[in-house]
Structure formats: structure tokens, C-alpha cells
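Here's the structure we're looking at; comments come further down.
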């Protein structure tokens, strides 16, 4: 099975530190059946969780000390108050790297796609 990914911003190539993340997802493809076309994002992310944690990412799920979701700040207002944020599947604050996994019906052929964003 091929690992499909997209890095943003699209005017830059994938940074070297994200190549390790791609390898985590490639290893996961050996675990999940290539004949299964009804993937769910949480299953894909769950299989990659340990590898991503080793790379310094916080990963969405019940194991997070601050709750299930990872809130990534985007804009701050007066007195440093958070004005805008989004929820991510995985986030490495030091590298300013966000990972979003889409799977199943959201992706052509019901496979999965990984989005990387450098914030």
C-alpha cells in the first residue's frame, strides 16, 4: 500500500524531519490490511501513535493528559488571550508541525491521506 501525503505550504518541499513521520506511516501499512478499504482516521492514527510519540508529537486520543483533543493556537488577542485555534490529530510544538489524517470516505478509493502543515 502506498502512503499518500501532502505538505503545506505547497511551495516548499517536505522537510527532513517529516521524512521520519512518513516512515512511521509506512511501517503502519504493514500492520493494517492492504485489502481493507474502509479505513477510519482514528484507527490509522492509533497504529501510528507510538511512533509519533517517539518523535515528540502529542497525538489525539484519551492518553493525553489535557483531554482527547489537541488544540493548536493560531491567533492571540489582547492580553495574550487565545482568539483562534483548531483541533489537530498530532502536533509537535517544538518543530511547529501539525499532522492531520483523513481516511475512509473522505479520501479517493477509501484509502488514507496524511496532511503535514508547518505552522
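We did not get these values from a lab; they are worked out from the coordinates using the rules stated. None of these values were measured; they are calculated from a predicted model. No Cβ is skipped: glycine too gets one built from the backbone with ideal geometry, and neighbour counts run over all protein chains shown.
Summary table
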{"item": "Sorted by Cβ density within 10 Å, fewest first, the residues 8, 57", "result": "8, 57"}
{"item": "Distance (nanometres) between label positions extended 7 Å along Cα→Cβ at residue 19 and residue 68", "result": "3.7"}
{"item": "Estimated FRET transfer efficiency when R0 is 22 angstrom, pair residue 31-residue 93 (beta carbons, to 0.05)", "result": "0.20"}
